[in-house]
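Report on one structure; see the data block that follows.
The values are calculated or read from the model by the stated rules, or taken from the named source; none is laboratory data. Note that the coordinates shown come from a computational prediction; the quantities given were computed from them, not determined experimentally. Positions of Cβ are generated from backbone atoms using ideal geometry, with glycine treated the same way; all protein chains shown enter the neighbour counts. For accessibility, only protein heavy atoms count, side chains too; no ligands or nucleic acids. Shrake-Rupley method; radii C 1.70, N 1.55, O 1.52, S 1.80 Å.
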Amino acid sequence: YKTVDIPMGEFWINSPTHDKPNDMRDAISGAHIYGKPVVQAEAFTSVRMNWGEHPGNLKTTGDRNFALGINKFSIHVFTHNPWLHRKPGMTLDGVGLYFQRDQTWFQQSKAWIDYLTRCQYLLQQGKHVADIAVFTGEQLPRRSLLPDRLVATLPGLFGEKKVKEEEQRLRNEGQPTRVIPDGVRHSANMADPEDWIDPLNGYDYDSFNPDVLLQATVNNGKVVFPGGATYAILVIPATHKMLPDKGYMSVPVAKKILQLVREGATILMDNAYEKTYGLQEQNDSLRMIMHELFSNKNLKGRVMALPYTGNAFSQWGVDRDVEIAENDHTIAWTHRRVGEEDLYFVANQADYAQHKTISFRVAGKKPEIWDAVTGERYSITEYLEKNGRTYITLPFDAGESFFIVFRSDSDAALPVFAKADVVFTKTMEGPWRVQFDTAFGGPEKPAVFNTLQRWTSHADPGIKYYSGTAVYQKSFKWNRKHTGKVWLTIDSVFNIATVKVNGMECGTVWTKPYRADITQAIRRGKNTIEIFVSNTWANRLIGDQQLPEAKRVTWTTAPFRLAGKPLLPAGITGKVRVVEMSGN
């Protein structure tokens with residue numbers, strides 16, 4: 001990654017045996033220590049794909065990898081389909097996210113792509129902020145260190161609960177297995193990346209290699225690598241699961257570490273290096289260097305022996321970058337500094353709504369919320385500054401994410417981020433007229449839904465097994481002169497919906513909260529609603545297997561692996577409401 005323009009890793013969905021967490025951290029750390037602004041990833045690949053993918057169920061995985069440090073996605077895979085009449089058509093066997101022109105929701109995917117684009121633009125600004133850098137050692141293979149390989153080194157930061165969980169995982173009692181995805185059996189005790197969100201409880205880290213170490217300098221107690229990245233703490237383990245020779249270190253590396261400490265660096269180092277060895281003729285030199293290091297005499301900096309049992313580095317002036325009250329490791333985050341501004345990305349990884357009080361290691365600046373789903377910005381007026389930190393309580397919907405931007409001068413014209421108070425609600429009662437597409441196997445005549453129901457519960461096979469886009473239509477009266485925003489809200493969407501009111505497109509909803517701003521479109525008197533709803537290919541593929549080949553809607557090169565699988569939810573359910581609100 002020293003020599004490439006864009007370091008790149010890859011991450012997979014629902015495919016733990018093929019996921020590449022080490023590749024991801026290699027690319028991220030490599031980019032940071034060598035000063036590469038863009039870190040790319042092959043994104044959302046899967047093995048034995050189940051045709052159930054859509055932007056809504058991809059979001060938390062994408063957000064987790066944004067928080068890890070990736071800032072450019074290369075979506076895998078876009079397979080060119082030479083046929084205009086065969087759908088889904090060409091695939092890469094059963095590998096890859098199916099993202100191409102014949103995906104059911106492809107025409108509506110711009111809303112998701114806009115979200116990814118906004119995130120990528122912001123996350124490519126400035127410099128990544130991390131307090132800790134962990135040495136990879138000098139042996140081969142030399143890879144970045146995943147969090148699970150640091151538990152024994154930094155047990156205090158991980159916390160007692162995680163240390164015990166890791167001990168149990170590594171015992172692998174009974175050697176349990178699991179099957180994810182279908183047909184792929186493997187150990188149930190893999191170190192899945194989703195189980196290591198905010199692993200160091202408010203500190204972020206990179207890995208570094210001997211090359212940048214030998215070029216490092218010290219500035220105001222922080223170690224500076226040639227790419228410009230700075231770190232308050234260097235961690236140098238004597239060994240970990242990938243290192244066969246415990247305690248190996250060359251004389252040049254040992255001398256460099258001593259130099260950094262003399263110049264003011266803080267280094268956590270395994271005291272096994274006091275018994276370190278290299279080539280036989282170098283042993284005496286190594287022992288002398290190690291003795292000087294661990295004596296901590298006449299050194300501007302400090303060396304502390306590993307393992308580190310403290311739960312923070314506050315005693316050295318390095319408080320946690322992010323503190324999450326009642327931290328259950330459901331909030332992923334990353335921090336970038338852009339000039340004098342601080343930019344944090346925070347993402348709810350839970351499938352439920354929650355309020356989280358988060359404090360940031362920033363003071364004297366005004367916080368703003370930037371919503372990458374809508375592109376809207378808000379000033380935050382309800383926050384607390386205390387002891388050099390800013391405390392903000394954030395209301396997350398399931399899977400919701402925000403950028404928190406701290407600026408010296410906030411834009412006075414920004415609306416205030418405030419709890420939305422409902423002024424008036426009108427529930428859209430049935431009937432709904434729903435038009436399905438005959439080219440996708442739907443009925444010619446519009447269906448009438450007196451209540452909103454899943455397509456899969458319908459008696460008509462053309463609806464029950466339908467995959468594609470259907471248009472919900474309805475008229476309603478609005479006799480209010482509204483002063484606040486007016487939203488169209490939907491309880492549940494399976495899986496993506498574009499809203500039009502009076503012929504004006506008001507946005508595409510694909511993630512919670514399912515709502516579209518119809519303020520500019522709604523008018524007094526009679527109004528018409530059209531909701532274009534798309535599901536995934538799974539149901540039509542299942543239904544087609546029950547038909548003779550000549551009567552099937554679908555044709556694909558991918559193996560059929562949905563036999564015996566339940567139909568996936570499709571359509572919109574619950575209530576559709578027009579809601580006037582006084583806040584956000």
*If the Cβ limit is 9 Å and pairs must be 6+ apart or interchain, which residue in region 336-354 that is in a strand (DSSP E or B) pairs with which residue that is hydroxyl-bearing (Ser, Thr, Tyr) and modelled with pLDDT under 95?*
Glu341/Ser408
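In region 545-563, what residues are open to solvent by 40 Å² or more (accessible area, probe 1.4 Å) and either touching a Ser or Thr at 6+ places or on another chain (Cβ under 6 Å) or closer than 25 Å to Gly56 by Cβ (or both)?
Residues of region 545-563 open to solvent by 40 Å² or more (accessible area, probe 1.4 Å): 545-553, 555, 557, 559-561, 563.
Within region 545-563, Val553, Thr557, Phe560, Arg561 meet the criteria.
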*Single residue of Gln175, Gln120, Gln125 found to be in a loop (DSSP other than H, G, I, E, B), modelled with pLDDT of 95 or more and under 27 Å from Asn71 (Cα atoms)*: Gln125
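Per-residue answers, yes or no, for (1) surrounded by fewer than 22 Cβ atoms within 10 Å (Cβ to Cβ); (2) in contact with a Lys or Arg (Cβ under 9 Å, 6 or more places away or on another chain):
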site	(1), (2)
Ala470	no, no
Gln473	yes, yes
His482	yes, no
Asp491	yes, yes
Trp510	no, yes
Thr519	yes, yes
Gly525	yes, yes
Glu530	yes, yes
Val533	no, no
*Being part of a loop (DSSP other than H, G, I, E, B) and either open to solvent by less than 20 Å² (accessible area, probe 1.4 Å) or without any contact (Cβ under 8 Å) to a residue 24 or more places away in the chain (or both) is the filter here, so list the residues in region 147-158 that pass it.*
Leu150, Val151, Thr153, Leu154
*asked:* Quick check on region 129-136. Is at least one of its residues part of a helix (DSSP H, G or I) and under 17 Å from Gly30 (Cβ atoms)?
replied: no
*Can you tell me which residues in region 79-115 are open to solvent by less than 10 Å² (accessible area, probe 1.4 Å) and part of a helix (DSSP H, G or I)?*
Trp112, Tyr115
_Arg336 - would you say it is surrounded by 19 or more Cβ atoms within 10 Å (Cβ to Cβ) and basic (Lys, Arg)?_
yes
*asked:* Quick check on region 39-78: of everything there that is closer than 20 Å to Ala398 by Cα and of a type in the set (Ser, Thr, Tyr), which residue is least open to solvent (accessible area, probe 1.4 Å)?
replied: Thr61
*Which one is surrounded by the most Cβ atoms within 10 Å (Cβ to Cβ), of the residues in region 397-424 that are under 21 Å from Arg64 (Cβ atoms) and not β-branched (Val, Ile, Thr)?*
Ser401
*asked:* Exactly one of these conditions fails for Tyr383: (1) without any contact (Cβ under 8 Å) to a residue 40 or more places away in the chain; (2) out of contact with any Pro (no Cβ under 7 Å at 6 or more places or on another chain). Give me its number.
replied: (2)
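Can you tell me which residue within region 505-527, out of those that are in contact with a Gly (Cβ under 7 Å, 6 or more places away or on another chain) and not in a loop (DSSP other than H, G, I, E, B), is farthest from Val471 (Cα to Cα)?
The initial filter retains those residues of region 505-527 that are in contact with a Gly (Cβ under 7 Å, 6 or more places away or on another chain), namely 510-512, 516-517.
Those still in the list that are not in a loop (DSSP other than H, G, I, E, B) too: 516-517.
Numbers: Ala516: 16, Asp517: 19 Å.
Checked region 505-527; the qualifying residue farthest from Val471 (Cα to Cα) is Asp517.
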*Say whether the condition of being in contact with an Asp or Glu (Cβ under 7 Å, 6 or more places away or on another chain) and open to solvent by less than 20 Å² (accessible area, probe 1.4 Å) is met by at least one residue in region 181-201.*
no
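Working only within region 200-221, note down all residues that are in contact (Cβ under 8 Å) with a residue 40 or more places away in the chain and out of contact with any helix residue (DSSP H, G or I) (no Cβ under 7 Å at 6 or more places or on another chain).
Initial filter on region 200-221 (in contact (Cβ under 8 Å) with a residue 40 or more places away in the chain): 200-214, 216-218, 220-221.
Result: Gly202, Asp204, Tyr205, Asn209, Asp211, Thr217, Asn220, Gly221.
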*Index of the failed condition, Lys500 passing every other in (1) touching a residue at least 24 places away in the same chain (Cβ under 8 Å); (2) charged (D, E, K, R); (3) part of a loop (DSSP other than H, G, I, E, B)*: (3)
*Of all residues making up region 564-584, the number that are at pLDDT below 95, open to solvent by 20 Å² or more (accessible area, probe 1.4 Å), closer than 30 Å to Ala521 by Cβ and assigned to a loop (DSSP other than H, G, I, E, B)*: 2
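Scan region 440-455 for residues that are touching a residue at least 40 places away in the same chain (Cβ under 8 Å) and either more than 26 Å from Val486 (Cα to Cα) or touching a His at 6+ places or on another chain (Cβ under 8 Å) (or both) and jot them down.
Taking region 440-455 as the starting set, the residues that turn out to be touching a residue at least 40 places away in the same chain (Cβ under 8 Å) are 440-441, 452-455.
Once the filter is applied, which keeps residues that are touching a residue at least 40 places away in the same chain (Cβ under 8 Å) and either more than 26 Å from Val486 (Cα to Cα) or touching a His at 6+ places or on another chain (Cβ under 8 Å) (or both), region 440-455 yields Phe440, Gly441, Arg454, Trp455.
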_I'd like to know if region 288-305 contains one or more residues that are surrounded by fewer than 19 Cβ atoms within 10 Å (Cβ to Cβ), touching a Gly at 6+ places or on another chain (Cβ under 8 Å), in contact (Cβ under 8 Å) with a residue 40 or more places away in the chain and not small (Gly, Ala, Ser)._
no
